[in-house]
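Engineer: Got a structure here, written out as structure tokens. Questions coming.
Derivation of every value follows stated rules applied to the coordinates shown; laboratory data play no part. Since the structure is predicted, the reported quantities are computational estimates derived from the model, not experimental observations. In this analysis, Cβ positions are derived from the backbone assuming ideal geometry, glycine residues included, and neighbour counts consider all displayed protein chains.
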Amino acid sequence: MTSPAPPGLLRFPLGPFQANAYLLIGPSGTRAALIDPGLEAEGVLDAVRERGLAVDWILNTHGHLDHTAGNAAAKRATGAPLAIHREDVPWLSHLQAQGVAFGIPVEDSPEPDVVLEDGQSLPFDGLQVEVLHTPGHSRGSVCFRVGDLLLVGDTLFRGSVGRTDLPGGSWDTLLRSIRERLFTLPDGLACWPGHGPETTLGEERRTNPFLAAAS
């Protein structure tokens, strides 16, 4: 079921991990970017069809299965190019193995069409999607900035931060990413995370207990 979000952004908590997939609808109202199609992605793909949207991009914030398990279905349904940071490309060919660990059947992802780098900008319906490399949750975790919206994946949550106990995770690296990459941006930026509700950078700078405890 779709959760409320600002005009132009639709959120879909998917699957047993309730990972947020997003449809970012461009100014034309006819084009979209699909961010993190995870487990049970049929709902977000139904929304694409029902709204008659042309999908320009399938974007992964990182390679874990709860954010990428729907890549193959999304690619078949939309034909859009798939993009992920180069450090997380290896996760895509091991989605079935990730699923076995949780007892969940998962289809391996197609290879990415675009390998992302920090600072890259992707054209989207007259806008630019800016790529910010924010490692820590995984080596290739990224955030996507589009104007006043920041899609932060599992780097930062409302009142929490991403876990760092999975392969490629690093607590020190995560804190550095948040402080040096995210907290240098304006406080008013709306953050839409990979799990849970939205927040702002200013709110997390002021109140996030994980970041305050590590100061």
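Engineer: Sorted from largest down, what three extents in whole angstroms do the Cα atoms of the range 1-77 have along their principal axes?
Structural biologist: Between the extreme Cα coordinates on each principal axis of the range 1-77 lie 31, 26, 21 Å.
Engineer: Considering only the other residues whose Cβ falls under 13 Å of the Cβ of Val44, what net charge follows from Lys and Arg at +1 and Asp and Glu at -1?
Structural biologist: Around Val44, the charge tally is -2.
Engineer: Which of the peptides 160-170, 140-150 is most tightly packed, and how do the rest follow, judged by the mean count of other Cβ atoms within 10 Å per residue?
Structural biologist: On the way: 160-170: 16.3, 140-150: 21.8.
Answer by packing, highest mean first, reads 140-150, 160-170.
Engineer: About the Cα centre, and with charges only on the beta carbon of Lys, Arg (+1) and Asp, Glu (-1), how big is the dipole of the range 1-147? Nearest 20 debye, please. Spell out each step's value before the answer.
Structural biologist: Numbers: 9 positive and 17 negative charges, 52 e Å.
The dipole magnitude comes to about 260 debye.
Engineer: Further question: Mind giving me the nanometre distance, one decimal, between the label points for Leu166 and Glu180, set 7 Å out from Cα along Cα→Cβ?
Structural biologist: Result: 2.3 nm between the two label points.
Engineer: Calculate one ³J(HN,Hα) per residue across the range 181-191 by plugging θ = phi - 60° into the Karplus curve 6.51 cos²θ - 1.76 cosθ + 1.60, and present them in order as whole Hz with x for glycine and proline.
Structural biologist: With coefficients 6.51, -1.76 and 1.60, one gets 9, 8, 6, 8, 8, x, 4, x, 4, 7, 9 Hz.
Engineer: Have a look at Ser121, Leu150, Leu175 and report the one farthest towards the positive end of the charge dipole of the range 121-185, computed about the Cα centre with Cβ charges (Lys/Arg +1, Asp/Glu -1).
Structural biologist: Leu175
Engineer: Tally Lys and Arg at +1 and Asp and Glu at -1 over the other residues with C-beta under 15 Å from the C-beta of Gly153: what net charge comes out?
Structural biologist: -3
Engineer: Between Glu117 and Phe102, what is 0.36 nm times their sequence separation minus the Cα-Cα distance? Round to one decimal in nm.
Structural biologist: Length gained, Glu117 through Phe102: 2.4 nm.
Engineer: How large is the helix-only mean residue ellipticity at 222 nm for the chain, computed as the sum of -39500 (n - 2.57) over DSSP H runs with n ≥ 4, divided by its residue count, in deg cm²/dmol to the nearest 500?
Structural biologist: Counting only the DSSP helices, I get -6000 deg cm²/dmol.
Engineer: Of Pro186, Ser138, Asn71, whose Cα points farthest to the positive end of the dipole of the chain (charges on the beta-carbon: +1 Lys, Arg; -1 Asp, Glu; origin at the Cα centre)?
Structural biologist: Pro186
Engineer: Which values of log₁₀ I(q)/I(0), to two decimal places, follow from the Debye formula for the range 9-213 at q = 0.08, 0.09, 0.10, 0.16 Å⁻¹ with a uniform point scatterer at every Cα?
Structural biologist: Here log10 of I(q) over I(0) equals -0.23, -0.30, -0.37, -0.99.
Engineer: Net charge within 13 Å of Asp66 by Cβ-Cβ distance, Lys/Arg positive one each and Asp/Glu negative one each, not counting Asp66 itself?
Structural biologist: On the way: positive: Arg163; negative: Asp36, Glu40, Asp154.
Result for the local shell: -2.
Engineer: Enumerate the amide H contacts of Ala69 below 5 Å, restricted to partners 5 or more residues apart or on another chain; note that Pro and chain-start residues carry no placed amide H.
Structural biologist: Leu39
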